[in-house]
1. Quick check on the range 267-287. Is at least one of its residues open to solvent by less than 50 Å² (accessible area, probe 1.4 Å), of a type in the set (A, V, I, L, M, F, W, C) and touching a residue at least 24 places away in the same chain (Cβ under 8 Å)?
2. Scan the range 174-202 residue by residue and report those that are open to solvent by 60 Å² or more (accessible area, probe 1.4 Å) and farther than 21 Å from Val115 by Cα.
3. Just checking, does the range 352-368 include any residue being under 30 Å from Pro26 (Cβ atoms), within 16 Å of the ligand (Cβ to nearest atom) and surrounded by 15 or more Cβ atoms within 10 Å (Cβ to Cβ)?
4. Identify the single condition in (1) open to solvent by 30 Å² or more (accessible area, probe 1.4 Å); (2) modelled with pLDDT of 90 or more; (3) touching a helix residue (DSSP H, G or I) at 6+ places or on another chain (Cβ under 9 Å) that Thr161 does not satisfy, given that it satisfies every other one.
5. Being of a type in the set (A, V, I, L, M, F, W, C), assigned to a loop (DSSP other than H, G, I, E, B) and more than 24 Å from the chain's Cα centre (by Cα) is the filter here, so list the residues in the range 32-73 that pass it.
6. In the range 308-316, is there at least one residue being within 11 Å of the ligand (Cβ to nearest atom), crowded, with 21+ Cβ neighbours inside 10 Å, modelled with pLDDT of 95 or more and aromatic (Phe, Trp, Tyr)?
7. Hey, can you tell me all the residues within the range 85-98 that are buried (at least 19 other Cβ atoms within 10 Å of the Cβ) and modelled with pLDDT of 75 or more?
8. Name the single residue, out of those in the range 325-342 being more than 23 Å from the chain's Cα centre (by Cα) and open to solvent by 40 Å² or more (accessible area, probe 1.4 Å), that is farthest from the ligand (Cβ to nearest atom).
Amino acid sequence: MSTPHPVILVVNAGSSSVKVSVYTVPEAAHENADINPVLSANGQIEGIGVAPRLRASMADGHVVADESFPVSQVSDHDAAFRLVRLVLSIGLRDNPPVAVGHRVVHGGSDFSQAVCIDDDVIARLEALIPLAPLHQPHNLTAIRAVRKAAPDLLQVACFDTAFHAGHDMLAQLMALPYSYYERGIRRYGFHGLSYEYIARRLTQVAPDLAEGRVIVAHLGNGASLCAMHGGRSVDSTMGLTALDGMPMGTRCGSIDPGVVLWLAQQGMTADAIQSMLYGESGLKGLSGVSSDMRALLTSDEPRARLAVDFYALRAAQEIGKLAVTLGGLDALVFTAGIGANSPAVRSRICAHLETLFGISLDAGANEENGQRISSNGSRVPVLVLPTDEEGIVALSTARIMRECGRR
Ligand code: AMP
């Protein structure tokens, strides 16, 4: 009987969800770094602590679990992670995972690529919690839960900041006293796993464009944009934390720092300000309706429309800013939940770019979420490419397994 292919788990612990994906590593991937692990199943819990719902399915779409739970049963990330793992482990009984790859939001200035997790790495990731309060603690919860269950299992951290590690000084600076830069108070950038995937994907679908100056708009619940040249990140709209840049589902994006001072002077604590800027602002705060773009696009509330209009203008403004950094624009790519699925938002953003960049869309291709949605006459090609952050984590984890001689 042939031995089964090694299995990798990929864990993506978000602010209110935990997603676990199961990948198998083909034999050829041990020799060739470009051969991707293959997704075989995934499961996720959404609505942790609010309205927990578990869903799990095989890669062919066959649903193996779809169940809601009382909050008391899945009140936190620890419980959610145990449950997803339990469901997926039913299918893994004969072939337990050989490694677990984690999406970790902040790698600070210490980590410019994926690393094997040990005590020292955990301590350094803990120190970064204040810079990613919504995500980093949950990433660490999952890492600790795996350590407890299987202390010898190889665990790998893949960072959302790492793809941006090559930014030059001008892209990293904020105009504070220079000593703060030396203490790590810099613009790091996030969503790097998504951008790394898009950079790879572009070399497959449009190799000519991949060599050039490309802006990628990752528009999901979190949202940012990345300027790439030759497939490398040169700037991003996010900064020290994942609050900067575009307004998002519940996060504010760039605001006058004087607002934070004013809030503090009004007596708001740092925790209260943090909750408001991360959880009550963005589309949710502006519209008073929802953080979910689908809900806003179908709402009759004037403030829902205002929020979408503001969002589109801010995205276009950020594209202009990044195009200046790049010294021009050879392609624009939309990705993530809104970017890959919302013709309405893409067309609102691109309408702002028509005069300055000569961008125009093919209405039919845009409506169908086609791969190339610009019209033939558009000066800049516009593409839609769904992202795959888990796939990049699986690929990096397989690489580290190879480097450690583990199979
Ligand atoms: P993500 O964080 O990448 O899963 O993206 C979540 C966001 O994508 C939410 O705001 C959703 O409303 C939005 N989204 C997903 N599908 C669509 C769609 N068909 N039209 C508009 N927004 C969508």
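1. Scanning the range 267-287, I find at least one residue that is open to solvent by less than 50 Å² (accessible area, probe 1.4 Å), of a type in the set (A, V, I, L, M, F, W, C) and touching a residue at least 24 places away in the same chain (Cβ under 8 Å), so the answer is yes.
2. Met174, Ala175, Leu176, Pro177, Tyr178, Tyr180, Glu182, Arg183, Arg201
3. Within the range 352-368 (the criterion being under 30 Å from Pro26 (Cβ atoms), within 16 Å of the ligand (Cβ to nearest atom) and surrounded by 15 or more Cβ atoms within 10 Å (Cβ to Cβ)), the answer is no, since none of the residues qualifies.
4. (1)
5. Phe69, Val71
6. The answer is yes, given that some residue of the range 308-316 is within 11 Å of the ligand (Cβ to nearest atom), crowded, with 21+ Cβ neighbours inside 10 Å, modelled with pLDDT of 95 or more and aromatic (Phe, Trp, Tyr).
7. Passing the criteria: only Pro97.
8. Among those that are more than 23 Å from the chain's Cα centre (by Cα) and open to solvent by 40 Å² or more (accessible area, probe 1.4 Å), it is Gly327.
The values are calculated or read from the model by the stated rules, or taken from the named source; none is laboratory data. Given the structure is predicted, the values throughout are model-derived calculations rather than measurements. Methodologically, a virtual Cβ is constructed for each residue, glycine included, from the backbone with ideal geometry; neighbour enumeration extends over all protein chains shown. Just so you know, the surface numbers come from the protein's heavy atoms only, side chains and all, with ligands and any DNA or RNA stripped out. Shrake-Rupley method; radii C 1.70, N 1.55, O 1.52, S 1.80 Å.
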